[in-house]
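Let me begin by presenting the structure, written as structure tokens, before commenting on it.
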Amino acid sequence: MKDYLENETRTVRKELARFINVLLPKLTPHLTTLNLRYTRVSDVSALAKLTNLTTLNLRYTRVSDVSALANLTNLTILHISSAAGRNNSFKEFHNAVPRCRVWVGG
């Protein structure tokens, strides 16, 4: 049973990563709000294509590098984990999108 659950968990993780990195940008060009809170997402580079995003929640994720989001100039609200708020990628992002209000925690 344990092996089965571990295998299913890996499958779900792979599918979620595929959804975020491959399908989401293709299916949602007009998406304005995205909540990925409490997911195991660690790479947000594919989200850089969602240029209409105004609100993005990445709290309680594994994201530590948000520099890929620097071209999301419509972003006005960003929730990020503490790890992402403590590194240079956050500074780069905030310099590129200064009007974005950022909440750090989790």
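The values are calculated or read from the model by the stated rules, or taken from the named source; none is laboratory data. A quick note: this is a predicted structure, and the numbers were derived from the prediction, not measured. Every residue, glycine as well, gets a Cβ built from its backbone with ideal geometry; the counts of neighbours run over all protein chains shown.
Worth a mention:
- Single match in LEU72, LEU78 (criterion: in contact with a strand residue (DSSP E or B) (Cβ under 6 Å, 6 or more places away or on another chain) and not charged (D, E, K, R)): LEU78
- The residues in the stretch 19-56 that are over 11 Å from the mean Cα position of the chain (by Cα) and among the basic types (Lys, Arg) can be counted, and the count is 2.
- Among (1) surrounded by fewer than 16 Cβ atoms within 10 Å (Cβ to Cβ); (2) modelled with pLDDT of 85 or more - the single one ASN7 does not satisfy: (2)
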